[in-house]
1. Please state which of the following conditions A:K57 fails to meet, knowing it meets all the rest: (1) more than 8 Å from chain B (Cβ to nearest Cβ); (2) within 17 Å of B:L141 (Cβ to Cβ).
2. Among the residues of segment A:15-30, which ones are assigned to a helix (DSSP H, G or I) and not small (G, A, S)?
3. Pick out the one residue from B:I72, B:I85 that is among the β-branched types (V, I, T), part of a helix (DSSP H, G or I) and surrounded by fewer than 14 Cβ atoms within 10 Å (Cβ to Cβ).
4. Among all residue pairs at least 6 apart or on different chains, which show Cβ distances below 9 Å where the first residue, located in segment B:127-149, is within 14 Å of another protein chain (Cβ to nearest Cβ) and on the phi > 0 side of the Ramachandran plot and the second is surrounded by fewer than 18 Cβ atoms within 10 Å (Cβ to Cβ) and not in a helix (DSSP H, G or I)?
5. Inside segment A:17-26, can you point out the residues that are of a type in the set (A, V, I, L, M) and either within 7 Å of another protein chain (Cβ to nearest Cβ) or buried (at least 21 other Cβ atoms within 10 Å of the Cβ) (or both)?
6. Please specify each residue of segment A:1-12 satisfying the condition of being surrounded by fewer than 21 Cβ atoms within 10 Å (Cβ to Cβ) and more than 7 Å from chain B (Cβ to nearest Cβ).
Amino acid sequence: MGDELRNRLREERSKRGLTQAELADLVGVSRKTINTVENGVFIPSTVLALRLAAALKTTVESLFRLP
Amino acid sequence: MTSRNDVEFADNISRRRYLATIGATVAFLGAQLVARPVLGVEGFQLEGFRRYLWAINALGLIALTLPIGGWIFGRRIRSLVNDEISRGHGRMATGAGLWVAILIAIAILLTPLGRRCSAAEASYLIVTPVAVIVPLYFAWLEARAHRDG
C-alpha cells in the first residue's frame, strides 16, 4: 500500500462481463478487495495478483504495470 | 446459499462491522468525555469496577481490528470478511495506534503537569486515545474500501 501501481483490472473485468462480486467469488476474496485494487488504493500480494490473472485468463503483466 | 451470495453476505457483514466499530468507539469516547477521570484537581478518578469496565472496553475496541470473529457464519464467510485487505487495514490501524501511544507517552514525560501523574493515570492517558484512534482508523479504511468508484 502506498506505492503506485497501474492496473487494468476494471477493463479486463468489464471485457468479460463480470461484476466486482462475481470476480471476487472467482478469486475467493471480498468485493471490497476487488474495489480497492481497481481504484489503486490497495496493491495486491503476489498470490492475489496471480489469482486475479488466472480468473481473468490473462497474465499478471497485462493486469499490472509500473507507471 | 450459493457461493456468489457468500460474497454479498460477507460484504454486508463487513459494512455492519465498520459501522458497529464507529458506534462503539463513539460511545466509548462519549463515556470518557462525560466521566473525565483525569486532569482534575482531585487526581485520577477511575476506581474499582469502572476501572475494569474501561479496560475491558478499551481492549474490546482494539480487538475489533483483529481478523477474528464471525465464527457463527462459517469458515468461508469468515475468510471473506477478514481477507487480505482487512488484515492489512488492521495492521495499519494498529501501527498508527503504536505511534499515538509513543507520542503521548513522550508528551506525558516532557509536559509539566504541576502534580504527580500516577502510573494508572498515565496508562489511561495513553490507552484511551489509542482505543479510539485504532478502531476509528480501521473503520475509515474499511469504509473507503467499500466505497465504489
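1. Evaluating A:K57 over (1) more than 8 Å from chain B (Cβ to nearest Cβ); (2) within 17 Å of B:L141 (Cβ to Cβ) leaves (2) as the failure.
2. Once the filter is applied, which keeps residues that are assigned to a helix (DSSP H, G or I) and not small (G, A, S), segment A:15-30 yields A:K15, A:Q20, A:E22, A:L23, A:D25, A:L26, A:V27.
3. Details: B:I85 fails: surrounded by fewer than 14 Cβ atoms within 10 Å (Cβ to Cβ).
From the options B:I72, B:I85, the qualifying one is B:I72.
4. B:G149/A:N39
5. Within segment A:17-26, A:A21, A:L23, A:A24 qualify.
6. Our first condition is that a residue be surrounded by fewer than 21 Cβ atoms within 10 Å (Cβ to Cβ); within segment A:1-12, this holds for A:1-8, A:10-12.
Across segment A:1-12, the qualifying residues are A:G2, A:D3, A:E4, A:L5, A:R6, A:N7, A:R8, A:R10, A:E11, A:E12.
Residue-wise test of (1) among the hydrophobic types (A, V, I, L, M, F, W, C); (2) in contact (Cβ under 8 Å) with a residue 24 or more places away in the chain; (3) not in a helix (DSSP H, G or I).
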| residue | (1), (2), (3) |
| --- | --- |
| B:N12 | no, no, no |
| B:R17 | no, yes, no |
| B:G30 | no, no, no |
| B:Y52 | no, no, no |
| B:L66 | yes, yes, yes |
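Any read-out appearing in this document is the output of simple, stated calculations on the displayed coordinates, not a laboratory observation. Note that this is a predicted model, so its numbers are computed, not measured. Neighbour counts run over all protein chains shown; Cβ positions are idealised from the backbone, glycine included.
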